[in-house]
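The values are calculated or read from the model by the stated rules, or taken from the named source; none is laboratory data. Computed from a prediction, not measured in an experiment: that's the story for all the values here. In this analysis, Cβ positions are derived from the backbone assuming ideal geometry, glycine residues included, and neighbour counts consider all displayed protein chains.
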Amino acid sequence: MPPLRVGVIGCGYWGPNLVRNFARHPEVKVEAVCDRDLKRAERTGAEYRVPTVAASPDALFGAKQLDLIVVATPTATHFELAKAALSAGTHVLVMKPLTSSGEQAEELAHLAGKRGVLLAVDHTFVFTAAVRKMKELATNGALGELYYFDSVRVNLGLFQRDINVIWDLAPHDISILDFLVGGEPEEILAVGVAHGQSPTENIAYITIKYPNSFLAHVHVNWLAPAKVRQLILGGSKKMVVYDDVQPSEKVKVYDKGVSFQNDADPYKALVSYRSGDMVAPQLDGKEALAVEVDNIVKAVRGKEQLVSDGAAGVRVVHLLEAAQRSIAQGGSPVRLGALAGSAA
């Protein structure tokens, strides 16, 4: 079987990581890279022996030698670049977030379906061994009924010029939430502020409510003195803590919980606490991007379903958009209808 021929647009912060992982896959050949800074593209091309290096993405669109185009550029450029690639009948992978509006995201997903090609979104964290283990625990009932999702993603910088802290950091946690829990949230509320004469919000708190009393909370911040990447998924049987900054034991499963015995007299209501063992499951050490690339290659070959597809990208963008709307309304709740891209 001939190799999957890949072209990558954007050789800045994240693009070279994508090039590296595609280049290392045994069924892939990276045929082209481009960046408006030609010298940057040339450095990446030279490192991975890429035959075509360009400053303009026009060199990649419609190129018959390409099967997949990767869009690793600033968010504001995603829609036009992905649309051009999809229109040319090429499979596409887009960095998170998929687009800067739900309407644009839906248009790309519709176009991919119309053209019969795949649209994948680089929600990298859903491919980490830690999140895959959490998905396993949530799916097999080990956690019991899911109660809440609580995440903190804070650091000092990197400040983005084209998007705020919600559109930069929250896609990670919201995509994890969507992957782990699924379902259709009914309401979202968010507050955010812009300190230090920043033109956009650099601190935000997002709360997402579900109809079954499941509650999710996401805290993102560019002004924290230390880097924190922590997520808790709580259930009726067990609770999981994922701490991504830990060098080992990133996931810890706690056999802890609370049960209530109701009584007509509220003063006689009993609360019992269960405190069992903590287990740190063994996780594989494979890089998340390598797992993602392998899933995309197999999906193009028809061997697997995409894990992070256009529908997931649409759902995440709709939630980000609703959170932004809530901030603009002073933190008032925004009701959510059925999110486009939700599973039937």
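Kindly indicate whether Leu283 is assigned to a loop (DSSP other than H, G, I, E, B), among the hydrophobic types (A, V, I, L, M, F, W, C), under 24 Å from the mean Cα position of the chain (by Cα) and at pLDDT 90 or above.
yes
Quick one: in segment 220-240, of everything that is surrounded by fewer than 16 Cβ atoms within 10 Å (Cβ to Cβ) and closer than 24 Å to Ile203 by Cβ, which residue is nearest to the chain's Cα centre (by Cα)?
Residue satisfying both the conditions and the ranking: Lys227.
Here are Ala138, Ala190, Ala170, Ala142: which of them is part of a strand (DSSP E or B) and either assigned by TED's automatic domain parsing to the domain that holds Ile206 or in contact with a Phe, Trp or Tyr (Cβ under 9 Å, 6 or more places away or on another chain) (or both)?
Ala190
Go through Val131, Val152 for me and flag whichever is surrounded by fewer than 18 Cβ atoms within 10 Å (Cβ to Cβ), within 24 Å of Tyr205 (Cα to Cα) and among the β-branched types (Val, Ile, Thr).
One residue alone meets the criteria, Val152.
For the subset of segment 4-40 comprising residues that are small (Gly, Ala, Ser) and touching an Asp or Glu at 6+ places or on another chain (Cβ under 8 Å), which member is farthest from Lys298 (Cα to Cα)?
Of everything passing the filter in segment 4-40, Gly12 is farthest from Lys298 (Cα to Cα).
Filter segment 52-72 for residues that are β-branched (Val, Ile, Thr) and buried (at least 24 other Cβ atoms within 10 Å of the Cβ); which is nearest to Val293 (Cα to Cα)?
The residue in question is Val70.
Quick check: is even one residue across segment 79-99 of a type in the set (Lys, Arg), exposed (fewer than 15 other Cβ atoms within 10 Å of the Cβ) and over 20 Å from Phe127 (Cβ atoms)?
no
How about segment 239-264: which of its residues are closer than 18 Å to Asn140 by Cβ and at pLDDT below 95?
Within segment 239-264, Asp255, Gly257 qualify.
Is it the case that Thr75 is surrounded by fewer than 24 Cβ atoms within 10 Å (Cβ to Cβ), among the polar types (S, T, N, Q) and touching a Ser or Thr at 6+ places or on another chain (Cβ under 7 Å)?
In short, yes.
Can you tell me which condition Ala63 does not meet? The list is (1) assigned to a strand (DSSP E or B); (2) among the small types (Gly, Ala, Ser); (3) at pLDDT below 95, and all the others hold.
So Ala63 meets the others, but not (1).
Out of all the residues in segment 63-89, which are in contact (Cβ under 8 Å) with a residue 40 or more places away in the chain and hydroxyl-bearing (Ser, Thr, Tyr)?
Residues satisfying the conditions are Thr73, Thr75.
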